[in-house]
Amino acid sequence: MTAEVKQTPPREAAVVQVRDISKTFAGGVLALDHISLEVDKGEVLVIIGPSGSGKSTLLRCLNGLEAIDSGSIVINGIPLDKNEANRLAIRREVGMVFQSFNLFPHLSVLENINLAQQLVQKKSLAEATAATQTLLAKVGIPDKAGRLPDELSGGQQQRVAIARALALKPKIMLFDEATSALDPEMIGEVLDVMRNLAAEGMTMLVVTHEMGFAREVSDRVLFMEEGRLVEEAPSDLFFSQPRETRTREFLSQIL
């Protein structure tokens, strides 16, 4: 018998609720230090900060790839706890795109995107293929279905990875420095796909160093350092009137 997914009422419109979470890695490295935040449906939240500030760890905790030591995470009313049914439900709610593309090198683009649809959603090959072709058109590479990953550019591979994440119809997308491994001329094509998703109302949490993208697309920006949330504000205020000295110092170095 399948365990029942436990639901807790979320704040109206809040699809991500993070309450006082902490995470320490082996060796005593404090990656997250009592972080709390909420993300509303359709909101684009950009997370910035220096390397090692806990940005990627935060995203990995949100979809259960890393376990938190304390605090709580609720996604679309589902608590991310030790209940396996809850964890599986959250994996279906949340799509994630990594810095590395993580495509299966021996499978074609079509097969890479079809696979989860057939295994998780139990779609037929024809159903999965039709959905994949629609997704490939959405990310701008409808002609690459039969190619192997190593026959594609880095930007094209990352767009395949985005299409694969979208194939399970997640309600929330996490992007962990999705453009940082790309050559400069390929960054724009991936950011364009992310812009389109934001324009369609996808709830997104984005770790990025692309400040132009952050200014243009985000609703709010979070600045993290040493596992702590230093400052958060609507994007226009964050870039024009940062409150914290450390935020101003960081922005002065990257803008």
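The values are calculated or read from the model by the stated rules, or taken from the named source; none is laboratory data. Nothing here was measured: the structure is a model prediction, and the numbers come from that model. In this analysis, Cβ positions are derived from the backbone assuming ideal geometry, glycine residues included, and neighbour counts consider all displayed protein chains. To get the accessible areas, we keep the full protein, side chains included, count just its heavy atoms, and leave off ligands, DNA and RNA. Shrake-Rupley method; radii C 1.70, N 1.55, O 1.52, S 1.80 Å.
Observations
- Looking only at residues of the stretch 65-81 that are open to solvent by 10 Å² or more (accessible area, probe 1.4 Å) and assigned to a loop (DSSP other than H, G, I, E, B), we find that the one that is farthest from Glu249 (Cα to Cα) is Asp81.
- All positions within the stretch 39-51 that are in contact (Cβ under 8 Å) with a residue 24 or more places away in the chain and open to solvent by 40 Å² or more (accessible area, probe 1.4 Å): Asp40, Lys41
- Restricting the stretch 116-127 to residues that are assigned to a helix (DSSP H, G or I) and touching a residue at least 24 places away in the same chain (Cβ under 8 Å), the residue that is most open to solvent (accessible area, probe 1.4 Å) is Ala116.
- A count restricted to the stretch 136-195 and to residues that are surrounded by fewer than 16 Cβ atoms within 10 Å (Cβ to Cβ) and among the polar types (S, T, N, Q) stands at 2.
- Taking the conditions (1) closer than 13 Å to Asn102 by Cα; (2) outside any helix (DSSP H, G or I) in turn, Val160 satisfies each one other than (2).
- Selection count, the stretch 84-110, where residues are touching a Pro at 6+ places or on another chain (Cβ under 8 Å), surrounded by 16 or more Cβ atoms within 10 Å (Cβ to Cβ) and without any contact (Cβ under 8 Å) to a residue 60 or more places away in the chain: 1
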